[in-house]
Protein chains: 4
Amino acid sequence: MECCCHNKQTLRTEEEKKKLMHRLSRLEGQIRGIKGMLENDAYCTDILVQSAAAGAALNAFNRELLNSHVRGCVASDIRSGNDEVIDDLMNTLYKLMK
Amino acid sequence: MECCCHNKQTLRTEEEKKKLMHRLSRLEGQIRGIKGMLENDAYCTDILVQSAAAGAALNAFNRELLNSHVRGCVASDIRSGNDEVIDDLMNTLYKLMK
Amino acid sequence: MECCCHNKQTLRTEEEKKKLMHRLSRLEGQIRGIKGMLENDAYCTDILVQSAAAGAALNAFNRELLNSHVRGCVASDIRSGNDEVIDDLMNTLYKLMK
Amino acid sequence: MECCCHNKQTLRTEEEKKKLMHRLSRLEGQIRGIKGMLENDAYCTDILVQSAAAGAALNAFNRELLNSHVRGCVASDIRSGNDEVIDDLMNTLYKLMK
């Protein structure tokens, strides 16, 4: 489940990439579903429940990518003495903790 | 910007519907963009920044729909004495405040 | 559990006031507990777990106050035709949904 | 601004400890202020605005403690090969990203 970074690129295993892609495709499906509900004049709070679920799915994607990033890129950069990886990590975490 | 509810359906103005659809289409574009980044082995935190932006866009959609719901359905149901609209609203708000 | 608003004041029942005060006192106790942990050089993530719990307690307080506000002030103002109560409600909700 | 961990204790500099304590004391003051507002029958949304501000202050405390933890304990444990520090970090991050 780890990733490996080089020149601001990240080489992920095929399995990890597939899992992350699958999450994003499911999320796209959820957004399309919400568009369909809007098209069919669905009740507001029925739509909001679905869009809260889409938000939770996006959050789960973030958690998985972050986990793989910390275990892979961050740990390996710290071991190589490239501590500036931490500045970038913290900036990203602040965005996700809002 | 209001909506009008009837039998758990919501009749929105064409303008309101168009605005909400536009937000969702843009959000779909953002998710597609993130899939492309993953395909191209983009760096983890570059992806996370984009996905935090998609989360903010989803939140903006929720706010707009909620605003229209409260001004339309909720206000009109309260004026008609259908106070159970409030139970449903509160349950939805709790989901969005998590 | 309702409140009743007048001149930008809110008259709450003694029971409601007591319940809200109790939540805040417990929250103060949680913050004091975190100060004690810091004093005693507690491990960072042990502190962060407690402070996430304090955040959840604050959120529960917000939910209860909001619930009482919508059922009381908002519903009664809408019934009296004072729809500007909704502008103020929406601004507050946006702050809580961030 | 770093911390140094040992046996699940964290030795912080006096300056770091003072800064974190100061944040918590200010937060306690905010909670006391909210109790005073409740005592004086303050309007619901005026209270909610203050309690959203207290939530933001708690979040700022979390960010500062997390920053110091990652730069200190996490980096030093990873350099020493104690990678289990990452499991604990990820569990904490998941709680803060909710």
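The numbers here are math on the coordinates, done by the rules we state, and not lab data. Here the structure is a predicted model, which means the values were calculated and not measured. Glycine gets a Cβ as well: all are built from the backbone with ideal geometry, and neighbour counts include every protein chain shown.
About the centre of its Cα atoms, the protein assembly as shown shows a dipole size close to 0 debye [charges on the beta carbon of Lys, Arg (+1) and Asp, Glu (-1) only; nearest 20 debye].
Rounded, prolate or oblate for the protein assembly as shown? Axes are the square roots of the Cα gyration tensor eigenvalues, ordered a ≥ b ≥ c, and the cut-off for rounded is a/c under 1.5. Note, shape of the protein assembly as shown comes out oblate. For the set C:LYS98/D:LYS18; B:LYS8/D:LYS35; A:LYS8/B:LYS17; B:LYS98/C:LYS17, the pairs lying more than 31 angstrom apart at their alpha carbons are B:LYS8/D:LYS35; A:LYS8/B:LYS17.
Going by the alpha-carbon gyration tensor, a ≥ b ≥ c the square roots of its eigenvalues, is chain A rounded (a/c under 1.5) or, if a/c is not under 1.5, prolate (a/b greater than b/c) versus oblate? Taking the square roots of the gyration eigenvalues as a ≥ b ≥ c, chain A is prolate. Each other copy places its own label point for B:HIS22 at 3.8, 4.6, 5.0 nm from this one, sorted shortest first, where the point lies 7 Å along the Cα-to-beta carbon line.
For the residues of A:86-97, the average number of beta carbons from a partner chain within 10 Å of their own beta carbon is 6.
Between the alpha-carbon centres of the stretch A:7-39 and the stretch B:32-66 there is a gap of 10 Å.
Residues whose amide H lies under 5 Å from that of A:TYR43, counting only those 5 or more places away or on a different chain, are B:THR10; hydrogens are built 1.01 Å from N in the peptide plane. Using the Cβ-Cβ distance between A:ALA60 and D:GLU14 with R0 set to 51 Å, the FRET efficiency from 1/(1 + (r/R0)^6) comes to roughly 0.80. Position D:ALA60: other-copy label points at 2.6, 2.6, 3.5 nm, ordered by increasing distance, label point 7 Å along Cα→C-beta. Computed per residue of chain D from DSSP H runs no shorter than four, each worth -39500 (n - 2.57), the mean residue ellipticity at 222 nm is -24500 deg cm²/dmol. Charge dipole of chain C (Cα centre as origin; +1 on each Lys and Arg Cβ, -1 on each Asp and Glu Cβ, all else neutral): 160 debye, rounded to the nearest 20.
The two copies C and B are related by a rotation, and the chain C beta carbon nearest its axis, with distance in whole angstrom, is C:ILE78, 2.
Each Cα pair under 8 Å and six or more residues apart adds its separation to the average, and for chain B the resulting relative contact order is 33 percent. What separates the D:ASP83 label point from its copies, with the point 7 Å along Cα to Cβ, is 2.2, 6.0, 6.1 nm, written shortest first.
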